[in-house]
1. Can you find a residue that is buried (at least 17 other Cβ atoms within 10 Å of the Cβ), over 16 Å from Ser31 (Cα atoms), under 14 Å from the mean Cα position of the chain (by Cα) and not hydroxyl-bearing (Ser, Thr, Tyr) anywhere in region 52-67?
2. Can you tell me which residue is nearest to Ala91 (Cα to Cα) among those in region 65-77 that are outside any strand (DSSP E or B) and in contact with a strand residue (DSSP E or B) (Cβ under 8 Å, 6 or more places away or on another chain)?
3. Filter region 1-29 down to the residues that are over 22 Å from Pro71 (Cβ atoms) and among the hydroxyl-bearing types (Ser, Thr, Tyr), then identify the one that is modelled with the highest pLDDT.
4. Any idea which residue in region 28-48 is surrounded by the most Cβ atoms within 10 Å (Cβ to Cβ), counting only those that are in a loop (DSSP other than H, G, I, E, B) and touching a Ser or Thr at 6+ places or on another chain (Cβ under 7 Å)?
Amino acid sequence: MMKPYVDRAERMQVWIPIRYRVSGHEHWLDSRVLNISDSGLLFGPAIVSTAPGTPVDVMFSSPVQIGTMPPGQMMCAGEIVRTNERGQIAARFAQCRFVLDDLPATTAAAQRAR
């Protein structure tokens, strides 16, 4: 049985750092983008296992234009669409915006600053 054709955004393979969290949670986790488009991304490995449909926030800084998104620091809200056995998470963006501040400090860096 053939699957129907689904028009997908062009994916770009990049290996850039990412911060992510389940929406509403205070703590950000670190990972790496594996591929990205202007409609979503695949990242991993992920520390927390989340189910499809879970709202997620991601922050990253792209050195190049990705689809319609210009380069720069972005924060995107979206939802998990799938996970795999390698600990990777695919998320679809609902909205993205530029971040004018630095990415959130890591826990260790934040503790040193106190």
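1. Yes, because at least one residue in region 52-67 is buried (at least 17 other Cβ atoms within 10 Å of the Cβ), over 16 Å from Ser31 (Cα atoms), under 14 Å from the mean Cα position of the chain (by Cα) and not hydroxyl-bearing (Ser, Thr, Tyr).
2. Within region 65-77, the subset outside any strand (DSSP E or B) is 65, 67-68, 70-71.
Adding the requirement that they be in contact with a strand residue (DSSP E or B) (Cβ under 8 Å, 6 or more places away or on another chain) leaves 67, 71.
On the way: Gly67: 16, Pro71: 19 Å.
Among those that are outside any strand (DSSP E or B) and in contact with a strand residue (DSSP E or B) (Cβ under 8 Å, 6 or more places away or on another chain), it is Gly67.
3. Once the filter is applied, the top-ranked residue is Ser23.
4. Ala46
The values are calculated or read from the model by the stated rules, or taken from the named source; none is laboratory data. As the structure is a computational prediction, the values presented were derived from the model and not from experiment. As a convention, Cβ positions derive from the backbone with ideal geometry for all residues, glycine included, and neighbour counts pool all protein chains shown.
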